[in-house]
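A.B. asks: The structure is given below, and queries will be raised subsequently.
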Amino acid sequence: MKGRLKSFTGWFLILVLALGPLSACSSSDETNSSGGSSSDETLDIFSWWTGAGEEDGLNALIDLFKEEYPDIEVENAAVAGGAGTNAKAVLASRMQGDDPPATFQVHGGSELNDGWVAAGKMETLNDLYESEGWEDKFPEDLIDLVSKDGDIYSVPVNIHRGNVLWYNTSVFEESGVEPPKTFDEFFAAADKLQEAGVTPLALGDKEPWTATHLFETALLGTLGADDYKKLFTGELSFSDPKVKEAAENFKKMLSYVNEDHSSRNWQDASQLVADGEAAMNVMGDWAKGYFVNDLNLKVKDDFGWVATPGTEEMFMVITDTFGLPKGVSNPEDVKKFLSVLGSVEGQDAFNPLKGSIPARVDADLSNYDEYGKETIEDFKSASLAPSLAHGSAAPEGFVTKVNQAINIFVTQQDVDQLISSLEDASGDLK
Amino acid sequence: MKTETTMRSVTVTTRKKRSLTKDHMLAIGFLIPSILLVGVFVYGFIGWTGYVSLSNWNSLVPDFSFVGLKNYLYLFGDFRFQADLRNTLFFTIMFILAVIVVGQILAILLDQKIQQESLFRNIFFFPMALSFVVTGVVWQWLLNPSTGVNLFLAKLGLDSKWYTDTTIFPAIGWGKIEFGIPIAMIAVVIAAVWQMTGFSVAMYLAGLRGVPEEVREAARMDGANEFQVYWKIIMPILRPITVSVIIIMAHISLKIFDLIYAMTGPGANFVTDVPGVYMYETTFRGNYYANGAAIAVVMLLAVAIFIVPYLWSSRKGEA
């Protein structure tokens with residue numbers, strides 16, 4: 001009896017173990033099919049724009065392209081999920097397998113330059129910029145973000161601002177708080193809000209990058225744009241006293257956040273502000289899209305915004321760009337698409353729907369809401385700083401390690417340990 | 001065509017030797033394709049992963065220069081990986097114990113010749129049909145500290161932070177981390193047990209049905225009470241099932257990824273992080289391919305510790 005039972009369970013076990021890998025395989029099949037085929041004639045546009053506003057923006061852009069070039073077949077090869085993480089994983093395997101998409105979404109800055117350009121996978125676009133006359137149509141700082149060693153490698157389609165403090169206007173009015181501009185004003189306002197029984201600052205760091213996002217705004221506000229940028233070129237060490245001061249500011253900000261921050265994502269945190277349970281939230285301006293499109297709030301009436309403490313004249317820039325990978329079969333078609341993407345019409349078709357502002361300096365202001373108009377003006381005059389949390393300032397490897405150090409810091413709050421982990425990680429900057 | 005002719009010639013030579021029958025040849029012919037596929041796509045890639053884990057490939061550009069155990073040394077000195085090992089250890093222990101105990105109790109209750117037994121059997125087994133991702137999302141909301149069951153528990157004065165709790169109990173300093181039971185993991189264990197207990201119920205029920213009534217009768221005749229019948233007679237008979245449950249659950253819990261990824265993510269201070277999540281993030285977010293491969297190898301070895309002795313003993317048993 002016992003023997004039979006044992007051999008039965010043994011066979012059963014072998015069956016289960018043998019079937020296990022099959023279920024693991026099925027997930028990779030899905031990504032393959034969504035990656036789509038890159039046959040000779042189709043132009044597959046690879047991105048992670050599958051959310052409400054952004055997908056509409058991409059489709060508007062594709063429609064515009066089809067109007068101008070009706071005989072070129074276009075395929076929207078977007079990969080959903082993980083704020084681009086899934087797409088980047090699919091992209092990496094396609095690039096390494098020499099099966100690149102015709103063009104793909106990539107953040108300007110380190111993600112492009114230290115990633116695909118350094119790997120020798122991108123074509124230069126100097127001639128396209130020249131023939132389209134773009135060199136003075138994009139801000140110089142921005143062209144620098146998509147260039148390496150004097151060559152230009154991608155076309156920016158939009159700009160998001162990272163250093164925005166969103167607040168609930170009625171909560172601010174009820175507690176008699178003015179939008180804070182400096183750290184001192186921020187902490188004073190936070191104390192007042194806490195007394196009034198409102199959570200001063202909403203945070204949702206279930207995905208740790210949101211905490212890094214908050215930290216980078218504290219870094220920018222404490223160091224200023226120039227010193228902030230020097231951190232990533234190695235000209236300024238992370239052991240600098242000012243970095244420590246930034247970490248102390250960050251630590252103090254963390255003392256005002258909602259207790260359940262680690263169970264929320266950024267949308268949940270924004271929702272706390274929308275519902276009036278929390279007063280403020282630091283997030284990039286994609287949060288505006290969430291407030292307006294998903295939660296039906298009114299710009300300025302229901303929620304307001306101000307640059308994060310100490311960053312009034314600065315602009316933490318996150319830019320989505322598209323480039324031309326090496327080894328595609330139809331480079332001329334890709335350039336045609338990029339020329340539409342970089343045109344005024346292209347940028348004005350995409351950005352109002354996506355909720356970002358155009359990368360060009362000569363776009364038509366009337367297409368944008370109050371937030372957009374104000375941000376476009378700020379963008380012209382502010383000094384630009386590349387975002388760390390979104391891969392523009394430093395290579396992904398460094399960002400991953402910073403995310404880990406920040407995730408530990410949020411709980412342990414040990415400033416010295418944070419500084420020393422940042423220093424250790426800075427070896428990966430090169 | 002070509003393979004057919006070679007096969008035919010092989011058959012001719014073997015027929016002379018008479019050591020292999022036609023049936024054997026047929027079996028081998030059927031097996032060869034799957035042996036080749038498994039050889040390449042399972043063992044070949046396990047070998048490849050092992051090779052990558054010894055290389056310097058920690059950026060987008062592949063770099064296969066040999067660096068020895070550097071990636072492993074980095075991992076074992078890393079706060080996050082140490083936390084992962086601790087979390088996996090306690091998750092596995094709590095998860096397996098709960099699945100065995102709850103599964104056995106439910107199976108014994110079901111075995112009491114109750115009415116509508118198949119209905120209950122299906123209810124217990126049903127969560128197995130769900131994906132871990134579904135379970136993770138549902139339990140994330142059920143055990144969310146500001147919603148879900150906490151709204152009831154708070155009324156009873158039992159407030160819990162569930163998976164956002166960063167407490168480690170009893171928090172003994174060890175390496176860079178505190179060693180002990182991560183309280184946040186209990187929430188994940190509850191979700192995992194909810195999903196997987198149906199499996200052990202089915203296994204134990206099958207086992208209980210295989211115990212002949214005469215054995216129980218005989219024990220009762222010898223003066224054993226019902227508790228003693230279960231403890232001294234039934235449980236020892238069910239031991240091979242318990243071993244199987246342990247092995248199947250261990251290989252699930254040591255490799256767990258989807259449940260954690262959907263339910264909690266790495267967690268504050270990495271209290272709910274596991275090697276699978278770390279491997280995914282470091283490989284595909286950070287482009288640390290060699291580090292990711294090293295994590296994969298460590299996970300494989302951990303599972304092997306459970307599986308290999310079992311396969312060994314069952315092979316001996318059959319021979």
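Residue-wise test of (1) touching a residue at least 60 places away in the same chain (Cβ under 8 Å); (2) surrounded by fewer than 24 Cβ atoms within 10 Å (Cβ to Cβ).
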residue	(1), (2)
A:323	yes, no
A:351	yes, no
A:356	yes, no
A:370	yes, yes
A:415	yes, yes
A:428	no, yes
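A.B. asks: Being away from chain A (no Cβ under 11 Å), in contact (Cβ under 8 Å) with a residue 60 or more places away in the chain and touching a strand residue (DSSP E or B) at 6+ places or on another chain (Cβ under 7 Å) narrows it down to one of B:250, B:290, so name that one.
C.D. replies: That would be B:290, the only listed residue that is away from chain A (no Cβ under 11 Å), in contact (Cβ under 8 Å) with a residue 60 or more places away in the chain and touching a strand residue (DSSP E or B) at 6+ places or on another chain (Cβ under 7 Å).
A.B. asks: Test each condition in (1) assigned to a helix (DSSP H, G or I); (2) outside the structural domain of residue A:326 (by TED's automatic domain parsing); (3) closer than 26 Å to residue A:317 by Cβ for residue A:187 and report the one that comes out false.
C.D. replies: In the conditions (1) assigned to a helix (DSSP H, G or I); (2) outside the structural domain of residue A:326 (by TED's automatic domain parsing); (3) closer than 26 Å to residue A:317 by Cβ, residue A:187 misses (3) alone.
A.B. asks: Out of segment B:17-45, which residues are more than 30 Å from residue B:295 (Cβ to Cβ) and within 14 Å of chain A (Cβ to nearest Cβ)? Write out each step before concluding.
C.D. replies: Within segment B:17-45, the subset more than 30 Å from residue B:295 (Cβ to Cβ) is B:17-33.
Hit for segment B:17-45 is B:31, nothing else.
A.B. asks: Could you tell me whether segment A:68-77 includes any residue that is within 14 Å of chain B (Cβ to nearest Cβ), in contact with a helix residue (DSSP H, G or I) (Cβ under 7 Å, 6 or more places away or on another chain), modelled with pLDDT under 95 and surrounded by fewer than 21 Cβ atoms within 10 Å (Cβ to Cβ)?
C.D. replies: So far as segment A:68-77 goes, no, none of its residues is within 14 Å of chain B (Cβ to nearest Cβ), in contact with a helix residue (DSSP H, G or I) (Cβ under 7 Å, 6 or more places away or on another chain), modelled with pLDDT under 95 and surrounded by fewer than 21 Cβ atoms within 10 Å (Cβ to Cβ).
A.B. asks: Now a separate question. Can you give me the number of residues within segment A:244-268 that are at pLDDT 95 or above and not in a loop (DSSP other than H, G, I, E, B)?
C.D. replies: Within segment A:244-268, residues that are at pLDDT 95 or above and not in a loop (DSSP other than H, G, I, E, B) number 12.
A.B. asks: If I ask for residues that are hydrophobic (A, V, I, L, M, F, W, C) and exposed (fewer than 13 other Cβ atoms within 10 Å of the Cβ), which ones from segment B:118-129 would you list?
C.D. replies: Answer for segment B:118-129, where residues must be hydrophobic (A, V, I, L, M, F, W, C) and exposed (fewer than 13 other Cβ atoms within 10 Å of the Cβ): B:119, B:123, B:126, B:129.
A.B. asks: On to the next question. Output yes when any residue across segment B:153-161 is assigned to a helix (DSSP H, G or I) and touching a residue at least 60 places away in the same chain (Cβ under 8 Å), and no when none is. Break it down into steps so the answer makes sense when it comes.
C.D. replies: Within segment B:153-161, the subset assigned to a helix (DSSP H, G or I) is B:153-155.
Add one more test, that the residue is touching a residue at least 60 places away in the same chain (Cβ under 8 Å), and what stays is none.
Checked segment B:153-161: no residue is assigned to a helix (DSSP H, G or I) and touching a residue at least 60 places away in the same chain (Cβ under 8 Å).
A.B. asks: Same structure, new question: When segment A:158-184 is examined, which residues are found to be in a helix (DSSP H, G or I) and among the acidic types (Asp, Glu)? It would help to see each step written out before you state the result.
C.D. replies: We begin by selecting, within segment A:158-184, every residue in a helix (DSSP H, G or I); these are A:169-175, A:183-184.
Across segment A:158-184, the qualifying residues are A:173, A:174, A:184.
A.B. asks: If we scan segment B:259-273, do we find a residue that is within 13 Å of residue B:299 (Cα to Cα), facing another protein chain (nearest Cβ under 8 Å) and assigned to a helix (DSSP H, G or I)? Give the derivation first.
C.D. replies: To start, the set of residues in segment B:259-273 that are within 13 Å of residue B:299 (Cα to Cα) comprises none.
Within segment B:259-273, none of the residues are within 13 Å of residue B:299 (Cα to Cα), facing another protein chain (nearest Cβ under 8 Å) and assigned to a helix (DSSP H, G or I).
Residue by residue, here is whether (1) more than 22 Å from residue A:329 (Cα to Cα); (2) more than 9 Å from every other protein chain (Cβ to nearest Cβ) holds:
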{"position": "A:88", "(1), (2)": "no, no"}
{"position": "A:91", "(1), (2)": "no, yes"}
{"position": "A:94", "(1), (2)": "no, yes"}
{"position": "A:98", "(1), (2)": "no, yes"}
{"position": "A:110", "(1), (2)": "yes, yes"}
{"position": "A:119", "(1), (2)": "no, no"}
{"position": "A:130", "(1), (2)": "yes, yes"}
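A.B. asks: Among helices (runs of 4 or more DSSP H) lying entirely in segment A:334-430, which contain 3 or more residues that are within 14 Å of chain B (Cβ to nearest Cβ) and of a type outside the set (D, E, K, R)?
C.D. replies: Once the helices (runs of 4 or more DSSP H) in segment A:334-430 are filtered for at least 3 residues that are within 14 Å of chain B (Cβ to nearest Cβ) and of a type outside the set (D, E, K, R), what remains is A:396-412, A:415-425.
A.B. asks: Which one is nearest to residue A:109 (Cα to Cα), of the residues in segment A:229-269 that are more than 14 Å from every other protein chain (Cβ to nearest Cβ) and of a type in the set (Gly, Ala, Ser)?
C.D. replies: Applying the filter and picking the extreme gives A:234.
A.B. asks: Can you report the number of residues in segment B:266-305 which are among the charged types (D, E, K, R) and closer than 26 Å to residue B:249 by Cβ?
C.D. replies: 2
A.B. asks: Residue A:58: crowded, with 21+ Cβ neighbours inside 10 Å and either more than 14 Å from chain B (Cβ to nearest Cβ) or over 19 Å from the mean Cα position of the chain (by Cα) (or both), yes or no?
C.D. replies: It is true that residue A:58 is crowded, with 21+ Cβ neighbours inside 10 Å and either more than 14 Å from chain B (Cβ to nearest Cβ) or over 19 Å from the mean Cα position of the chain (by Cα) (or both).
A.B. asks: Could you tell me how many of the residues in segment B:46-61 are part of a loop (DSSP other than H, G, I, E, B) and either closer than 12 Å to residue B:283 by Cα or within 11 Å of chain A (Cβ to nearest Cβ) (or both)?
C.D. replies: Result for segment B:46-61: 5.
The values are calculated or read from the model by the stated rules, or taken from the named source; none is laboratory data. None of the values given here were measured: they were computed from a predicted structure. A quick note on method: Cβ atoms are made from the backbone with ideal geometry, for glycine too, and the neighbour counts reach across all protein chains shown.
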